[in-house]
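Data block below; observations after.
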Amino acid sequence: MMQQFLGRKRNVVSLQPTRSMVLGSYVVLAFAAVVSIVPFLYILSTSIKDTRSLFSYPPQWIPNQIFWGNYGKLLQETSFVDWTINTFFVGIAITILKLTIDSMAAYALAKLNFSGKNVVFAVLLMAVAIPVAALIIPLFTLIRDMGLLNTYWALILPALANPLGIFMLRSFIVSLPDDLIHSARIDGAGEFRIFTQIILPLISSGLVVHAIFTFMLQYTNFLWPLVAIQTESRQVLTVGISSLKSNFVVDWGLISAASLLATIPITLLFLALQRFFLTQNLSSALKG
């Protein structure tokens, strides 16, 4: 018996990383970091050049004289500030409403029993598979008939119909033990109290991840705002930056300055809340 145990022990594959594995990981990470940061540095370099320096040969990463005129022109001669305010207002409004609606729907689908539950789940599942581009024309017709074109509601209401967040939050709630809910019901707690005081605190990390994904999705949304909004002062950043291109002349310095300023808020948001992504990935790995 002891010999069989020792024989099995010799056949166990060691999980301790070797020096070559660690070195290879660092090489891959360094390469990925360089590939990711080079476009950002190129945009930064372009944003601080005047028109003559942009087309100089050989190209210079650091110009001899830094030109801040692109940022001044962007803030003074365009509606960049309005675009930024609109983007944050719409993104925050959609995020708050989505967290409220999706968390309630996820709790109902995960822990409550009601007639037609499987049908509702199947309909939501099919809705996820519909591409956004296929909904543009019927959605435009619906919003136009409601008289909401060129308003903030035209940007907010359609985004609330995306059921992807319901499935993500449902996976969090399903993993919670039913005994917690049963104990609360025995103590006389209603469903709303159970939802707000027990379920929501336990899925706080999932709510934060859902909020980040929702805000980032709206922050980078381009196609629907392009269709739904015609007034320049009510546009969002993606469409506004795209409108800086003219038919004959493209001011790459101005566009680079706008793109750089637009990436700063979303980058800071991700860096501030990245620990929730790590928590989510770790919990998924432990469950697996």
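The values are calculated or read from the model by the stated rules, or taken from the named source; none is laboratory data. Because the structure is predicted, anything quoted here is derived from the model rather than measured. Cβ sites come from the backbone with ideal geometry, for glycine too, and all protein chains shown count toward neighbours.
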Within segment 141-170, the residues that are hydroxyl-bearing (S, T, Y) and farther than 21 Å from A127 by Cα are T151, Y152
Within segment 30-66, which residues are hydrophobic (A, V, I, L, M, F, W, C) and either in a loop (DSSP other than H, G, I, E, B) or touching a helix residue (DSSP H, G or I) at 6+ places or on another chain (Cβ under 9 Å) (or both)? F40, I43, L44, I48, L54, F55, W61, I62, I66
Residue that is surrounded by the most Cβ atoms within 10 Å (Cβ to Cβ) [pool: residues in segment 173-198 that are free of Cβ contacts under 8 Å to residues at least 24 places away in the same chain and hydrophobic (A, V, I, L, M, F, W, C)]: I194
Counting only residues that are more than 16 Å from D178 (Cα to Cα) and modelled with pLDDT of 90 or more, how many does segment 197-210 have? 2
Would a scan of segment 240-251 turn up a residue that is of a type in the set (S, T, Y), modelled with pLDDT of 80 or more and either closer than 18 Å to S47 by Cβ or surrounded by 11 or more Cβ atoms within 10 Å (Cβ to Cβ) (or both)? yes
Residues that are of a type outside the set (F, W, Y) and within 16 Å of T214 (Cα to Cα): list the helices (runs of 4 or more DSSP H) wholly contained in segment 67-144 that include at least 1 such residues. 80-111, 117-128
In segment 99-118, which residues are of a type in the set (D, E, K, R) and either surrounded by 18 or more Cβ atoms within 10 Å (Cβ to Cβ) or under 17 Å from S175 (Cβ atoms) (or both)? D102, K111
Just to be sure before I move on: is V236 β-branched (V, I, T), out of contact with any strand residue (DSSP E or B) (no Cβ under 8 Å at 6 or more places or on another chain) and without any contact (Cβ under 8 Å) to a residue 12 or more places away in the chain in the structure I sent? no
